Structure formats: C-alpha cells, structure tokens
Amino acid sequence: MPRPSPLRRLSRLVGLPVALTSVACVPHAPRPVDHLLPAGVTVIGHRGARALAPENTMAGFALAADSWGLPFELDVHLSSDGVPVVVHDETLDRTTDGVGFVDETPVATLRGLDAGSHFSAAFAGEPLPLLRDVLRRFGPAVVIDVELKNPRDPATVPTLAGAVVDELEAAGVVDRVLVTSFNPHLLAAVRARNPAIARGQLTGTFRGADLNPLEKLSLRHLWLNGKAVPDVLAVEADRLSRGYVRRMKRRGYRILAWTVNDPDEMRRLVEYGVDGLITDRPDIALQVVGQESP
Ligand code: G3P
Ligand code: CA
C-alpha cells in the first residue's frame, strides 16, 4: 500500500480534533423551515429537471413546477453589470451558444443566448433566464432553492448576496425560498442583509475539486459556519450515513441529499430519514416516495 503524502498524514492527524472542535464551536441554531420542507420527503428538481429538459431554463422549471407542482433548485451568478442570472458554470461555453465568463458578460448579451440547443434541438432558442423572471413566474407557486455560486473574486461575495436578496425582496418571495451555497461566507452575507431568509449549507465529497485536504475537510464540516448559521444541510448523497442524518436532525437541521437519480439510492436515503431529494429525475423520485406524477 503506498505511503500517504506528508500533507495527507497531517490532514489525518488534525482531522479528528478539527472536526470535533468545529461541530462544537458552531452556533447550532437552525430554525424550523416547515413552510419550505413539510413533513415527509420533498422532491426537488435539480436545475429544474436536468435529465429531462435543459438545465436552469424556464422549460425545465416549468416541468418541475407546472407539471408536477414540485420545488426546484437553480444556480446563480452575477452578470458583469451586477444582475443575478441563472446558470451553473462560471463560463457560458457548456450550456449556451455564448463563450467566456458570465461575470465578464453584460446582461443584455446574456439574455440573448440560447441555453436550450446544447440539450436538444427541441429546446433551441430557450433563453438563459434572469433570476427575477424565475422568481416572478414560479415563486408564488413553488418553493425555490436558490444556490449562490462562488464568485471568482471573493471581494464580490457581498455584492452577489446583496443583489440576490434585493431580488427576493422585490419579488415578495423571502419566505418562499431557501438560499443555499457551498460558500459559508455567501450565506453569512445573506444573513447580514436579511436574516429572515432560510439558509442551507451545501457540503460534498469535493471529489476531483482543486482543493487541498485541509480545505476539503473544512468544507465538509461546519467550522466555517460560525456566521452562516444554516437551517438546512444539503449534503452530497455519498457523504450521508444513517448516523449523520440522525445526529444532525437531533440538532434541529433539515437534511437534503443531492444529486440522487438512482431509485435504490433514493430508497436508501429515504430510509435514513432525509427531508428531501434533489434530483435530475423528479419523475422517478416521485414514484420512490409514493407520490404519483399527475
Ligand atoms: O443542490 C446541490 C447541487 O446543485 C450542488 O451541486 O454542482 O449541481 O450545483 P451543483
Ligand atoms: Ca446547484
């Protein structure tokens, strides 16, 4: 068996105390979010219904919300002129006919992009949506999980958080959304701007991420969350165990699992007691949790 690197040995050595201290130091003050996640297992469409329609488009959101009456998740970046837009990557290349960084492109250009053709010709011309348009159209009907993507420039964390909170307030959906992020500083900035908005901390395995072991460790635990104080923990499915779900629910958190598309994995997580499944296949998840698709 290969000998672990010095960095990995150090990480293992400090890992346990750090993990224990981190959980102990965090102000565990999750608030009830039953208005967003009622009792039972909530099915949440990932980026709309990513396996069935182009991700982060009105067509995908309509599939989740209009066809099944389901909450959905979306991703937000800022345009170069500071407007929250709904797109997953920091660049436009994968999901649109544009190129370059979202944060270097003005909203007027972003609005004209085709975000549907990459999925299939049937969705050609599907626009890249603005957050405000999604909130106005779907906010009154279903809960929306608004994920704030990490900005390339950390100095713009308050700008992104502030712009999104402004739009939530303007659309009148402050009590209809869950704001999530991998970056606890973004959640802390949302909390500073409007503490009433429910917050969800995303955590993952960070497999393949360009992070050193200590950075991964810090993101897997709650030690950076002193100021974020999440109400919900949205955890990559591979990281969830029955014990973790039990412990964190005992502390008052609601637990969401992402991104779960396999029915056996869905059943395992439901059995662990998760409160929600974030999935590219809401149709399958509805069957698993015993709610028939209309
Ligand atoms: O909601 C969790 C999930 O969306 C986070 O990962 O990369 O799909 O945004 P990603
Ligand atoms: Ca996301």
Checklist entry - Would a scan of segment 77-85 turn up a residue that is within 16 Å of ligand 2 (Cβ to nearest atom), over 15 Å from I278 (Cα atoms) and without any contact (Cβ under 8 Å) to a residue 60 or more places away in the chain? => result yes
Checklist entry - Name the pairs whose Cβ atoms lie under 6 Å apart, with the first residue in segment 238-261 and more than 11 Å from G273 (Cβ to Cβ) and in a strand (DSSP E or B), the second modelled with pLDDT of 95 or more and not aliphatic (A, V, I, L, M), and 6 or more positions between them or separate chains? => result L256/G276
Next on the checklist: Based on this model, can you work out whether A196 counts as at pLDDT 95 or above, within 15 Å of P30 (Cα to Cα) and open to solvent by 50 Å² or more (accessible area, probe 1.4 Å)?
Outcome noted: yes
Checklist outcome for this item: When (1) surrounded by fewer than 17 Cβ atoms within 10 Å (Cβ to Cβ); (2) in contact (Cβ under 8 Å) with a residue 40 or more places away in the chain are applied to A285, the one that fails is (1)
Item to check | Top-ranked residue of segment 136-193 - restricted to ones that are touching a His at 6+ places or on another chain (Cβ under 7 Å) and open to solvent by less than 80 Å² (accessible area, probe 1.4 Å), ranked as farthest from ligand 2 (Cβ to nearest atom) | outcome: V157
Item to check | Only listed residue being within 30 Å of R247 (Cβ to Cβ) and of a type in the set (K, R), chosen from R94, R111, R31 | outcome: R31
Checklist entry - Taking the condition open to solvent by 30 Å² or more (accessible area, probe 1.4 Å) and small (G, A, S), does S67 pass? => result yes
Item to check | Conditions (1) out of contact with any Leu (no Cβ under 9 Å at 6 or more places or on another chain); (2) more than 16 Å from ligand 2 (Cβ to nearest atom): number failed by W68 | outcome: (1)
Item to check | Among residues of segment 147-197, those that are more than 22 Å from H35 (Cα to Cα) and out of contact with any Pro (no Cβ under 9 Å at 6 or more places or on another chain), counted | outcome: 12
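The values are calculated or read from the model by the stated rules, or taken from the named source; none is laboratory data. Just so it is clear, the model here is predicted, and its values are computed rather than measured. In this analysis, Cβ positions are derived from the backbone assuming ideal geometry, glycine residues included, and neighbour counts consider all displayed protein chains. We work out accessible area using only protein heavy atoms, side chains counted, and drop any ligands, DNA or RNA first. Shrake-Rupley method; radii C 1.70, N 1.55, O 1.52, S 1.80 Å.
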